[in-house]
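Only the coordinates and a few stated rules stand behind these numbers; no lab work does. Everything quoted here is computed from the prediction, not taken from an experiment. Heads up, the Cβs are rebuilt from the backbone with ideal geometry, glycines too, and the neighbour counts pull from every protein chain shown.
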Number of protein chains: 2
Amino acid sequence: MDDLPVLGLDADDTLWENEVHFRETERRFVELMAPWADGPTTEAVLLDTERANVPITGYGVKGFVLSMVETAIAVSDGSVEPADISQVLEWGRQMLDAPVTLLPDVAATIRTLADDHRLLLITKGDLTDQRRKVDSSGLTDHFWRIEVVAEKSTHAYREVLGRHGIDPTEFVMVGNSVPSDVIPVLEVGGRAVHIPHHLTWALETATVSDIDGHEFPILDSFTELPAFLADWLHRD
Amino acid sequence: MDDLPVLGLDADDTLWENEVHFRETERRFVELMAPWADGPTTEAVLLDTERANVPITGYGVKGFVLSMVETAIAVSDGSVEPADISQVLEWGRQMLDAPVTLLPDVAATIRTLADDHRLLLITKGDLTDQRRKVDSSGLTDHFWRIEVVAEKSTHAYREVLGRHGIDPTEFVMVGNSVPSDVIPVLEVGGRAVHIPHHLTWALETATVSDIDGHEFPILDSFTELPAFLADWLHRD
């Protein structure tokens with residue numbers, strides 16, 4: 001076990017659905033704000049609010065709910081009803097209680113990967129919510145270690161790899177976010193595989209300048225990962 | 001270094017002020033709610049709301065702000081002004097931005113302790129905020145490892161000790177909360193030192209039945225810790 005290669009895995013939108021819950025809530029929020037603003041306006045104010053808040057609140061549902069409340073007051077110029085705010089809080093509770101839906105064939109693929117890798121789950125967001133999702137995924141026993149970090153920065157990857165005694169040059173990370181799962185891993189000397197999800201939050205979308213100078217493989221689905229890794233890791 | 005004993009340290013209200021910020025915000029919140037309810041009523045509704053929310057939101061400022069917003073709407077029976085909700089959000093931002101105030105002589109005491117212990121900080125709450133406080137404490141370099149957990153349960157202590165290869169019978173935890181820093185550590189076979197803080201949140205207060213059957217030393221201040229440990233650890 002100790003000499004198996006370590007494979008880092010993102011969780012949200014790599015192993016299970018996440019962004020879809022944010023999108024669905026945002027869709028309802030836009031409707032709630034319809035008396036005061038059109039959809040693109042509400043969406044733009046919400047995104048700006050999130051962008052300003054994330055550095056102090058971190059990622060996850062709680063910060064999203066706080067940003068929606070702030071946006072509701074701003075967009076309505078202070079005329080939103082408290083009952084509407086209650087509705088936003090209730091959507092937050094529903095998100096924090098939503099069942100975990102694995103992406104197609106993830107359970108079987110994880111079992112295959114766990115046969116010849118030590119699986120290190122690295123996810124960011126709220127601790128309580130991320131742990132709840134891991135626990136309800138039914139996958140916990142396949143993970144070697146589970147790390148919830150505040151931000152997937154080069155600093156965070158160095159710290160996680162350091163504390164588990166992992167040589168970055170022997171580490172491979174897999175995830176749907178180029179800025180979080182790919183670029184910082186390449187920057188600390190590791191390798192990364194990008195598996196895009198059809199829904200990606202604006203703040204997780206890479207710009208051309210982010211990607212500039214970096215090369216990494218892109219797979220269509222998580223199911224392809226075992227065969228791809230068997231080939232990629234042996235060839236290099 | 002590797003053979004130095006591991007000393008677990010709580011952070012909030014053990015190394016630096018924390019509860020005082022919650023109390024001050026709660027005092028202002030009670031004033032804000034004065035048109036609708038007296039102090040004890042607002043405090044009781046807020047505490048009930050927090051007790052219901054903590055299992056899904058976890059600990060920390062973001063959950064506290066969400067509970068205040070929910071309480072404001074409930075206590076005012078839906079007649080609170082959006083401007084008041086904005087005020088609550090602003091207090092949250094101030095808490096997330098408040099400077100870290102070390103308790104008396106903590107910096108010098110930590111330096112002394114780090115000479116002959118591996119210091120393992122174990123704190124709970126929001127990842128982003130807890131990491132910010134550690135970073136601004138000026139103490140980071142003295143800590144061997146830093147762990148932010150969702151809940152200080154026996155399960156969490158077993159996991160943290162396991163992943164760092166620490167034998168529970170050789171582990172000592174120090175903190176201001178009996179339910180979080182003392183009881184679960186004793187239950188996993190470790191030892192714990194209680195250093196009460198004059199402000200303790202109702203949900204961190206131990207009941208007589210919690211303590212029943214457990215024995216642990218209580219110190220008046222963090223400054224006493226090095227001398228106490230030198231005596232306690234050598235005697236046993």
Between A:Ala52 and B:Asp38, with labels modelled 7 Å along Cα→Cβ, what's the label distance in nm to one decimal, could you check? 4.0 nm
Just the number, please: percent antiparallel of the DSSP beta bridges in chain B, rounded to the nearest 5. 5 percent
For the axis mapping B onto A, the chain B residue whose beta carbon sits nearest, plus its rounded distance in angstrom, comes out as B:Lys62, 2
What is the list of residues in region A:159-183 whose amide nitrogen lies under 13 Å from a point 7 angstrom out from the Cα of A:Trp144, following Cα to Cβ? A:161-173
Average beta carbon contacts from partner chains per residue of A:52-60, 10 Å cutoff: 5
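Given +1 on the Cβ of Lys and Arg, -1 on the Cβ of Asp and Glu, and no further charges, what dipole in debye does region A:1-59 carry about its Cα centre, rounded to the nearest 20?
Details: 4 positive and 14 negative charges, 72 e Å.
Using Cβ point charges on Lys, Arg, Asp and Glu, region A:1-59 gives about 340 debye.
Looking only at Cα atoms, what is the convex hull volume of region B:19-96 per residue, in Å³? Please list the in-between numbers first.
Details: hull volume 6.3 nm³, N = 78.
Enclosed volume per residue, from the Cα hull, is 80 Å³.
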Shielding of B:152-164 by partner chains, average beta-carbon count, 10 Å: 1
Go ahead and run the numbers for FRET between B:Gln87 and A:Ser153, Cβ-Cβ distance against an R0 of 41 Å, rounding to 0.05. 0.80
For chain A the mean separation of alpha carbon contacts under 8 Å (6+ apart) over residue count, i.e. relative contact order in percent, is 24 percent
What residue among A:Asp13, A:Asp48, A:Asp77 shows peak mean-square fluctuation when chain A is described by a Gaussian network model with Cα springs under 10 Å? A:Asp77
Shielding of B:78-86 by partner chains, average beta-carbon count, 10 Å: 5
Taking only Cα atoms, what is the 0 to 90° angle, nearest 10, from helix A:154-163's long axis to the longest principal axis of chain A? 50 degrees
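What is the order of A:Asp181, B:Asp141, fewest Cβ neighbours within 10 Å to most?
Least to most surrounded, the residues fall as B:Asp141, A:Asp181.
Take B:His194, A:His214, A:His234 and order them by how many other Cβ atoms sit within 10 Å, fewest up front. Present the calculation step by step, with values, prior to reporting the outcome.
Working: B:His194 20, A:His214 14, A:His234 7.
Ordered by Cβ neighbours within 10 Å, fewest first: A:His234, A:His214, B:His194.
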Distant alpha-carbon pairs in the protein assembly as shown (separation over 40 angstrom), percent: 25 percent
Calculated label separations, A:Thr41, copies of the chain, 7 Å along the beta-carbon direction, nm: 3.8
As I understand it, the value is the acute angle between the Cα axis of helix A:127-137 and the longest principal axis of the Cα atoms of chain A; what does it come to in degrees, rounded to 10? 60 degrees
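Over all pairs of distinct alpha carbons, what does the Kirkwood formula give as the hydrodynamic radius of region A:131-182, in Å? If you can, show how the numbers build up before the last one.
Working: mean 1/r = 0.0801 Å⁻¹.
After inverting the pairwise mean of 1/r, the radius is 12.5 Å.
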What is the dipole size for chain B, taken about its Cα centre, with +1 at each Lys and Arg Cβ and -1 at each Asp and Glu Cβ, in debye to the nearest 20? 460 debye
Among B:Leu229, B:Thr169, B:Ala37, the residue whose Cα sits farthest towards the positive end of the charge dipole of chain B, when +1 is placed on the Cβ of each Lys and Arg and -1 on the Cβ of each Asp and Glu, is B:Thr169
From the Cα gyration tensor of region B:93-236, with a ≥ b ≥ c the square roots of its eigenvalues, which class applies: rounded if a/c is under 1.5, or else prolate if a/b is larger than b/c, or else oblate? rounded
With a point put 7 Å past each Cα toward its Cβ, work out how far A:Arg28 is from A:Leu203 in nm, to one decimal. 2.1 nm
Just to confirm my numbers, what's the Cα centroid distance between region A:66-140 and region A:167-209 in Å? 20 Å
